[in-house]
Amino acid sequence: MKDIKISKDKSISGETLLDYLRKDGQSPLASCGGNGICGKCKVKIKKGDFTLAMPYQKNDLITEREWALGYRLACKTIIQEDMLVQIQDIHTGKAKVLTNSSISSQIAPLVKKKYCRLEKPSLDDQRSDIDRIEGLFNKGNITISDIGLIRDLSYILKDNDYRVTLVYTKNEIIGVEAKDTSKDLYGLAIDIGTTTIAGVLIDLNTGKELAVYSSINPQKPYGDDVITRIDYTRKNPKGLKKLSLLLIDEINSMVNYFKDKCQISPDCIYHIAIVGNTSMMHMLVGVPVDTIATSPFNPVFSRLNPIEAADLGIMVNKKSLVTSLPLVSGYIGADTMGCIIASGMATSSDLSLLIDIGTNGEIVLGNRDKIVACSASAGPAFEGGNIEFGIGSISGAIDSVKLVGEDIKYSTIDNLPAKGICGSGIVDLIRSMLYLGIIEPNGRLIGQDEARSLASKDLAKRLVKYKDKDAFLVAKRADNANSDIYISQKDIRQVQLAKAAIRAGIELLLKDMQLAYDDISRVYLAGGFGNFIDIESAIAIGLLAHELRDKIKPIGNAALSGAKLTLMSEKYLDGTENLIELIHYIELSARADFQDYFIDHLEFKKEA
């Protein structure tokens, strides 16, 4: 908990408390983006008068007791005078962001360096400075076109006795540096997820990973999912610019972290390989995302030519290049392409299934001959979104739940007092409650009287009313927390919808390929949720088919691995054109049979 003083003089007339806190960098969680639906921006008004933008709806998001104590929704509170507000910053803290991956690649980066001792001009050698440099390469294959570099070239050469380091790509010299700087060649691989951001600093001479960086995506206060954030850009004229700058500022924070940790100059970073879903890539470069959220869900671009980092405001070498893998569709982005490359499925004759369950569920099935892909609109339930006490993988999040006898026990990240429950913990919890009969196969949460005949007396007592609705007490409140932690009937329904969407997507791809589960040789689980989830829990709730049990392999942050590969070898960038042609995207919303699969997997069917 922390108290924040709000100055009316610094607010805009009619501004909500949530908007004010966002500007101040103190925003509480706002999973729904500030639309008054999720209730996670709940704050306590300790001093000051205020009104609400909308009438208070009894029992919806704030209990009568909380109302009497001064709790309000920040998104519905209008600032009218100076206030003192208490917020619970459960979205802050050390994030458990997946950065580990294992890759092997020959070092052949897009940006290279070459130290040269050029022949000096003479009466017998009156070649131009540019011809002198270009002559070191195959004639006609490389050039200097940057006018700023051309203007400075003669001074750089003369001042350094024609001993310089050339910085170049496949077809252009982008820098000429004084003396020998060939050892100072670094690159960044970055995965911009909807929930988290991860980055790695790599020595492009050796391929060695020097440091890693991870954080919560700073856009999260504007919504848990991309649709909510896209909606924010529609409703706010400067919304797109705001969300873009948040990403750029976070990347610059990453650069500063690497500078201090590894004692390098940002000027020595020459290539940044970035992957992310289609919406994140558009927001990063400030391109409108409106069309992605509405039928036919087309993006503005599917390929990005290398962009100079300076044009985006990233504080590295001014000629540093930013590259991205291509996008397959509005909902299959560069991150999924990175996963495909890192898994190796596109070069194998064996049939593989790739699943990246994040805020969206990207599913890919195929081999070197054909690949089909889809995006299941599972929503953010598996990352703690749309769950009342759901949070991301941060310190204090319940990440594992086990049955001990007839009791349910939990553990938290970093063994801190429970702040909420993240995706892996939610799946474990539902598995345990299903086993005990507290949740029925159709998803109904039973009442306390019914539980007395199924569970221990202590466990039955944990079935209570929360906001006048059935709920199960998961954990008692930690110090300074607003409330105990519950899982409600609504939360269980959110998980049902999410797991049904993923499972239906998998089975529709199998149908499209005229294949069965037995035909699959490997199942790659990518991303943080796929890495930390208990496989048996995933099978028990019906998220994954039991036929896949012995074929499953978590592959860590495969999207980041794909970015690393493109950073260390330009062949992976060059090879994506053929890969794009191999992939057939299926829009699930256009398939009538998807609904049949979806309904069939809503129940928590017992898997073998």
### Query
Which number in (1) in contact with a helix residue (DSSP H, G or I) (Cβ under 9 Å, 6 or more places away or on another chain); (2) within 24 Å of SER348 (Cα to Cα); (3) among the acidic types (Asp, Glu) marks the one condition that ASP449 misses?
(2)
### Task
Determine, yes or no, whether SER393 is among the polar types (S, T, N, Q), buried (at least 24 other Cβ atoms within 10 Å of the Cβ) and in the same structural domain as ASN578 (by TED's automatic domain parsing).
no
### Task
Return yes or no: is LEU525 under 24 Å from LEU560 (Cβ atoms), out of contact with any Gly (no Cβ under 8 Å at 6 or more places or on another chain) and not in a helix (DSSP H, G or I)?
yes
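Rundown of residues vs (1) over 28 Å from the mean Cα position of the chain (by Cα); (2) at pLDDT 95 or above, yes/no style:
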site: GLY447; (1), (2): yes, no
site: LEU463; (1), (2): yes, no
site: LYS467; (1), (2): yes, no
site: ALA471; (1), (2): yes, no
site: ASP479; (1), (2): yes, no
site: GLN514; (1), (2): yes, yes
site: ASP518; (1), (2): yes, yes
site: VAL523; (1), (2): no, yes
site: GLY528; (1), (2): no, no
## Note on the structure
For the stretch 434-451 the number of residues that are touching a residue at least 40 places away in the same chain (Cβ under 8 Å) and either among the basic types (Lys, Arg) or surrounded by 17 or more Cβ atoms within 10 Å (Cβ to Cβ) (or both) is 5
### Query
Given the structure, is LEU454 surrounded by fewer than 22 Cβ atoms within 10 Å (Cβ to Cβ) and more than 22 Å from HIS601 (Cβ to Cβ)?
yes
### Task
Please indicate, with yes or no, whether at least one residue in the stretch 598-605 is surrounded by fewer than 15 Cβ atoms within 10 Å (Cβ to Cβ), assigned to a helix (DSSP H, G or I), free of Cβ contacts under 8 Å to residues at least 12 places away in the same chain and of a type in the set (A, V, I, L, M, F, W, C).
no
### Message
For the stretch 381-390, check the following and say yes or no: at least one residue is out of contact with any Cys (no Cβ under 6 Å at 6 or more places or on another chain), surrounded by fewer than 24 Cβ atoms within 10 Å (Cβ to Cβ) and at pLDDT 90 or above.
### Response
no
### Residue count for the stretch 352-368, restricted to those that are part of a strand (DSSP E or B) and within 11 Å of ASP335 (Cβ to Cβ)
2
### All positions within the stretch 506-539 that are within 19 Å of LYS606 (Cβ to Cβ) and either of a type outside the set (Asp, Glu) or free of Cβ contacts under 8 Å to residues at least 60 places away in the same chain (or both)
ILE506, TYR517, ILE533, ILE535, SER537, ALA538, ILE539
### Message
Quick check on this structure: which one of SER375, SER400, SER411, SER349 is without any contact (Cβ under 8 Å) to a residue 60 or more places away in the chain, assigned to a strand (DSSP E or B) and either within 27 Å of TYR585 (Cα to Cα) or polar (S, T, N, Q) (or both)?
### Response
SER411
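One line per residue, one yes/no per condition, for (1) buried (at least 23 other Cβ atoms within 10 Å of the Cβ); (2) in the same structural domain as ILE580 (by TED's automatic domain parsing); (3) under 23 Å from the mean Cα position of the chain (by Cα); (4) touching a residue at least 12 places away in the same chain (Cβ under 8 Å):
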site	(1), (2), (3), (4)
GLN263	no, no, no, no
HIS271	yes, no, yes, yes
MET281	yes, no, yes, yes
ASP290	no, no, yes, yes
ASN298	no, no, yes, yes
SER320	yes, no, no, yes
LEU354	yes, yes, yes, yes
LEU365	yes, yes, yes, yes
ASP369	no, yes, no, yes
### Query
Got a sec? Which helices (runs of 4 or more DSSP H) wholly within the stretch 415-467 have at least 3 residues that are within 26 Å of LEU543 (Cβ to Cβ)?
423-436
### Filtered residues of the stretch 392-406 (kept if at pLDDT 85 or above and either touching a Phe, Trp or Tyr at 6+ places or on another chain (Cβ under 6 Å) or closer than 20 Å to GLY39 by Cβ (or both))
GLY396, ALA397, ILE398, VAL401
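The values are calculated or read from the model by the stated rules, or taken from the named source; none is laboratory data. Because the structure is predicted, anything quoted here is derived from the model rather than measured. When we count neighbours, we look across all protein chains shown, and the Cβ atoms used for this are built from the backbone with ideal geometry, even at glycine.
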